[in-house]
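Undergrad: Quick one: structure below, then a few questions.
The values are calculated or read from the model by the stated rules, or taken from the named source; none is laboratory data. Quick caveat: nothing in here was measured; it's all calculated off a predicted structure. Don't worry about glycine lacking a Cβ; one is built from the backbone with ideal geometry, like all the others, and counts go over all protein chains shown. Please note that ligands, DNA and RNA were not included when accessible areas were found on the heavy atoms of the full protein model with its side chains. Shrake-Rupley method; radii C 1.70, N 1.55, O 1.52, S 1.80 Å.
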Amino acid sequence: MQDQDHRWLRWPTEPARRRIAFGADYNPEQWPPHVWDDDVRAMRAAGLNIVSLGIFSWARIQPGADVWDFTWLDEVMDLLHANSIAVDLATGTASPPHWLTTKHPEILPVDHEGRTVWPGARQHWRPTSPVFREHALRLVRAMAERYGRHPALVAWHVSNEFGCHNAYDYSDAAAAAFRDWLRARYRSTAALNRAWTTAVWSQRYSDWAEILPPRWTGAGSQPNPAQRLDFLRFSSDALREHLRAERDLLRELTPEVPVTTNFMVAASVRAVDYARWAGEVDFVANDHYVVPGPQGLDELSFSANLTGNLAGGRPWFLMEHSTSAVSWQPINVAKRPGELARDSLTHVAHGADAVCFFQWRQSAGGAEKYHSAMVPHAGTDTAVFRAVCELGATLRDLARVAGAHRTPARAAILFDWESWWAAEQDPRPSDRVRYRQEALDWYTAFLDLGIRADVTPLDADWERYDLVVAPLLHMVPGGLAARLTVYAIAGGHVVTTYCSGIVDEHDHVWLGGYPGALCDLLGIRIEEFAPLLDDERAELDNGTTGTVWSDRIDLTDPATEVLARYRTGEQAGRPAVTRRPTGSGSAAYVSTRLGAGGVAAILDELAGRAGVTSELPPELRGAVELAVRGPHRFLINRTDRPVDVSAVAGAATILGPRAVIVVR
């Protein structure tokens, strides 16, 4: 840890000089050299002080197996340094060149139906391929030996967005690696057979060689769910092993330069268990893109919040987000005035000490030519570039914030990738259950009530919080149930929801009734699931409405309170929301999906009983998000109207629509 802390101090610039890094992915290889001088002049005008370089440059750097061309990259590195722009230099291994895939097609991934994933896009490589690993590390060594002492270099950027397109490989090479991973996990086929319940459908394995990844088994036929769950774990670990391989070589050759890679903590990205990855890098970095919709800003805040807690509260690096429209949604809508700055500063509010975009100059061709950039197709005489320059000036003024750690809240939402995987894989009682959406609804409810809440990984130290919400905690190993119970007895307040406590780490159902491992803690028992059809609604007597799910709850402890009952439907008159006092704490259960508005009605009471209240004046709750980094309080306008925030000490002003201010 001491070494890691030392490396941390070197990012993104000298320890004695406090500033927020501001920049972009820079792809000069897409442009003729005469454009490069224009680029750096515009970068300086906008206030850029860092760029990520070389991310997709393997084919340019190594155009043949034994042919290298560093001339252009030397020139760009020197040009950036001469203009006081630091470089987060990529290893370039994200997408192999055609000469490599032509000579070694065995590095190409295979999908679950046995189809080869051919070159033509990006990330066409197998994480478990020794041939790919050999060539990738050869490139890494060449990059480190050439640029490890370059004065522009402040960090290494390993690969790019691991698992974005190659998260799952079902090839024979992957099968062999999967078997090795399973041997290490289970030690014997007997233990594996027990974990996978292979007595069902005559799936017993007598030899490791018989085991395959969960390939296509025919239309309508479902592979073994425990096998699939382990394959998801293995796939995340296989990508992590490649990260480690590049990182370890870089640390050997350039021990003074910190190493990171860009996570994708975002709305729909679930292939990588980032809670297990965060300790592998010298600082956490993330890419995030807003998904339009009524909870778009809340989701951005949720992801930034979670990223900050993956980083342990320390500052982190926003490696990519967009100045305006992206290019991969069905309809790509431009950002409205103020949103570029608001989105950026919301990340800063949750701990980002770097604000970078994809990309610097909008591509004229290729798959991302319609993705916005800091310099759009229309050039620098544009509203987008003027907003970029304004943001650069704002970030310069916020240099005092750099280095400040996130200030923990009193409430937390627990986030668990394995519960996400398990809750949404078939077979399941309802395919309408959405793990991340349920977690986001609770987060929105906290925001609507004006209560700060952290989004924290399940394996973090959440006992320090007064209130923890664990939405859809589907997978509960025995040790976790005991941990939650001890927490509640000691005075903590637990809230969980439908579809929680159902299975253990092997996807085995906890027998004896639902919610399985949490029955005793919650003081309830459910005999049978009662998911709702799409057109069904469950009215509650507190005025809220449930969808997706309901439960036929029996109380098993006289102390268990009923906070709301079903008013209509099959469960009419039965408990819908319960709370059991235990020790000096409590454990509550919400048995239906209430959406953010319905959750807020329940959360208001539960938070009040836990002694957790808003730090905002009543008139600002819901309209303004509060985030705190040390002495710095960020006020983020969640609305499209001006908000008078003068009731907050130090903020005697009107906060404009979609605006952010920072007060001490």
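Undergrad: Is it the case that some residue within region 532-540 is at pLDDT 95 or above, open to solvent by less than 20 Å² (accessible area, probe 1.4 Å), assigned to a strand (DSSP E or B) and out of contact with any helix residue (DSSP H, G or I) (no Cβ under 7 Å at 6 or more places or on another chain)? Lay out the reasoning, then the answer.
TA: So in region 532-540, the residues at pLDDT 95 or above come out as 532-540.
Within this subset, residues satisfying the condition of being open to solvent by less than 20 Å² (accessible area, probe 1.4 Å) are 538, 540.
From the residues that got through so far, the ones that are assigned to a strand (DSSP E or B) too are 538, 540.
Narrowing the set further to residues that are out of contact with any helix residue (DSSP H, G or I) (no Cβ under 7 Å at 6 or more places or on another chain) leaves 538, 540.
Within region 532-540, one or more residues are at pLDDT 95 or above, open to solvent by less than 20 Å² (accessible area, probe 1.4 Å), assigned to a strand (DSSP E or B) and out of contact with any helix residue (DSSP H, G or I) (no Cβ under 7 Å at 6 or more places or on another chain).
Undergrad: Would you be able to say whether some residue in region 50-65 is over 26 Å from the mean Cα position of the chain (by Cα), open to solvent by less than 10 Å² (accessible area, probe 1.4 Å), touching a residue at least 60 places away in the same chain (Cβ under 8 Å) and under 16 Å from R361 (Cβ atoms)?
TA: No, that holds for no residue.
Undergrad: I need the strands (runs of 3 or more DSSP E) fully contained in region 564-664, keeping only those with at least 3 residues that are free of Cβ contacts under 8 Å to residues at least 40 places away in the same chain. Reasoning before the result, please.
TA: Details: elements: 575-582, 585-590, 624-629, 632-637, 660-663.
The strands (runs of 3 or more DSSP E) meeting that bar are 575-582.
Undergrad: Let me confirm something: among G148, G120, which residue is surrounded by fewer than 18 Cβ atoms within 10 Å (Cβ to Cβ), of a type in the set (G, A, S) and under 22 Å from A271 (Cβ atoms)? Give the steps one after another, and end with the answer.
TA: Working: G148 fails: under 22 Å from A271 (Cβ atoms).
Residue meeting the stated conditions: G120.
Undergrad: Restricting the search to region 109-122, which residues are part of a loop (DSSP other than H, G, I, E, B), under 23 Å from Q227 (Cα atoms) and in contact with a helix residue (DSSP H, G or I) (Cβ under 9 Å, 6 or more places away or on another chain)?
TA: P109
Undergrad: Check every one of the helices (runs of 4 or more DSSP H) wholly within region 332-450 and list those with 1 or more residues that are within 25 Å of the chain's Cα centre (by Cα), buried (at least 22 other Cβ atoms within 10 Å of the Cβ) and hydroxyl-bearing (S, T, Y). Talk me through it step by step, then tell me what you get.
TA: Working: elements: 339-349, 383-397, 417-423, 435-448.
Per the criteria, 339-349, 417-423, 435-448.
Undergrad: Just one of V476, V469, V455 is modelled with pLDDT of 95 or more, among the β-branched types (V, I, T), out of contact with any Lys or Arg (no Cβ under 6 Å at 6 or more places or on another chain) and farther than 23 Å from T346 by Cα; which is it? Before the answer, list the steps.
TA: Details: V469 fails: farther than 23 Å from T346 by Cα; V455 fails: farther than 23 Å from T346 by Cα.
Going through V476, V469, V455 in turn, just one is modelled with pLDDT of 95 or more, among the β-branched types (V, I, T), out of contact with any Lys or Arg (no Cβ under 6 Å at 6 or more places or on another chain) and farther than 23 Å from T346 by Cα: V476.
Undergrad: In region 451-468, what residues are open to solvent by less than 10 Å² (accessible area, probe 1.4 Å) and more than 18 Å from the chain's Cα centre (by Cα)?
TA: Scanning region 451-468 gives W462, Y465, L467, V468.
Undergrad: Report, by residue number, each residue of region 597-646 that is more than 24 Å from A439 (Cβ to Cβ) and hydroxyl-bearing (S, T, Y).
TA: S646
Undergrad: Against the condition open to solvent by less than 10 Å² (accessible area, probe 1.4 Å) and either in a loop (DSSP other than H, G, I, E, B) or not aromatic (F, W, Y) (or both), how does A271 come out, does it pass? First the steps, then the outcome.
TA: Values: open to solvent by less than 10 Å² (accessible area, probe 1.4 Å): no; either in a loop (DSSP other than H, G, I, E, B) or not aromatic (F, W, Y) (or both): yes.
The answer is no for A271.
Undergrad: Which of (1) open to solvent by 10 Å² or more (accessible area, probe 1.4 Å); (2) within 27 Å of the chain's Cα centre (by Cα) is the odd one out, the single condition L635 does not satisfy?
TA: Just one mismatch for L635, condition (1).
Undergrad: Would you tally the residues in region 123-145 being buried (at least 17 other Cβ atoms within 10 Å of the Cβ), free of Cβ contacts under 8 Å to residues at least 60 places away in the same chain and of a type in the set (D, E, K, R)?
TA: 1
Undergrad: Can you tell me how many residues within region 181-230 are open to solvent by less than 30 Å² (accessible area, probe 1.4 Å), farther than 28 Å from E241 by Cα and modelled with pLDDT under 95?
TA: 1
Undergrad: Could you say which residue among F317, F302, F283 is touching a Pro at 6+ places or on another chain (Cβ under 9 Å), closer than 30 Å to A383 by Cβ and buried (at least 20 other Cβ atoms within 10 Å of the Cβ)? Reasoning before the result, please.
TA: Values: F302 fails: touching a Pro at 6+ places or on another chain (Cβ under 9 Å); F283 fails: closer than 30 Å to A383 by Cβ.
When all the criteria are applied, what remains is F317.
Undergrad: Taking region 451-474, which residues are touching a residue at least 60 places away in the same chain (Cβ under 8 Å) and in a loop (DSSP other than H, G, I, E, B)?
TA: Scanning region 451-474 gives I451, R452, L458, D459, A460, D466.
Undergrad: I want to confirm something. Restricting to region 594-619 and keeping residues that are over 14 Å from V495 (Cβ atoms) and of a type in the set (D, E, K, R), which single residue is most open to solvent (accessible area, probe 1.4 Å)?
TA: E619
Undergrad: Does P471 count as open to solvent by 10 Å² or more (accessible area, probe 1.4 Å) and in contact with an Asp or Glu (Cβ under 7 Å, 6 or more places away or on another chain)? Walk me through how you get there before you give the answer.
TA: Numbers: open to solvent by 10 Å² or more (accessible area, probe 1.4 Å): no; in contact with an Asp or Glu (Cβ under 7 Å, 6 or more places away or on another chain): yes.
No.
Undergrad: Moving on. Which number in (1) assigned to a loop (DSSP other than H, G, I, E, B); (2) open to solvent by 10 Å² or more (accessible area, probe 1.4 Å) marks the one condition that G501 misses?
TA: (2)
Undergrad: Does S84 satisfy being of a type in the set (S, T, Y), surrounded by fewer than 17 Cβ atoms within 10 Å (Cβ to Cβ), free of Cβ contacts under 8 Å to residues at least 60 places away in the same chain and over 30 Å from A176 (Cβ atoms)? Break it down stepwise before answering.
TA: Working: of a type in the set (S, T, Y): yes; surrounded by fewer than 17 Cβ atoms within 10 Å (Cβ to Cβ): yes; free of Cβ contacts under 8 Å to residues at least 60 places away in the same chain: yes; over 30 Å from A176 (Cβ atoms): yes.
When the stated conditions are applied, S84 passes them.
Undergrad: Only one residue in W99, W156, W125 is in contact with a helix residue (DSSP H, G or I) (Cβ under 9 Å, 6 or more places away or on another chain) and in a strand (DSSP E or B), so which one is that? Reasoning before the result, please.
TA: Working: W99 fails: in a strand (DSSP E or B); W125 fails: in a strand (DSSP E or B).
None of the others qualify; the one that does is W156.
Undergrad: Take A190 and decide whether it is over 20 Å from T128 (Cβ atoms), of a type in the set (A, V, I, L, M, F, W, C), over 32 Å from the mean Cα position of the chain (by Cα) and part of a helix (DSSP H, G or I). Talk me through it step by step, then tell me what you get.
TA: Numbers: over 20 Å from T128 (Cβ atoms): yes; of a type in the set (A, V, I, L, M, F, W, C): yes; over 32 Å from the mean Cα position of the chain (by Cα): yes; part of a helix (DSSP H, G or I): yes.
Answer is yes for this residue.
Undergrad: Follow-up question, since we're still on this one. Conditions: (1) open to solvent by 10 Å² or more (accessible area, probe 1.4 Å); (2) of a type in the set (D, E); (3) assigned to a strand (DSSP E or B). D520 meets all but one. Number of the miss?
TA: Every listed condition holds for D520 apart from (3).
Undergrad: Could you count how many residues in region 245-256 are touching a residue at least 40 places away in the same chain (Cβ under 8 Å), open to solvent by 10 Å² or more (accessible area, probe 1.4 Å) and in contact with a strand residue (DSSP E or B) (Cβ under 8 Å, 6 or more places away or on another chain)?
TA: So the count comes out to 1.
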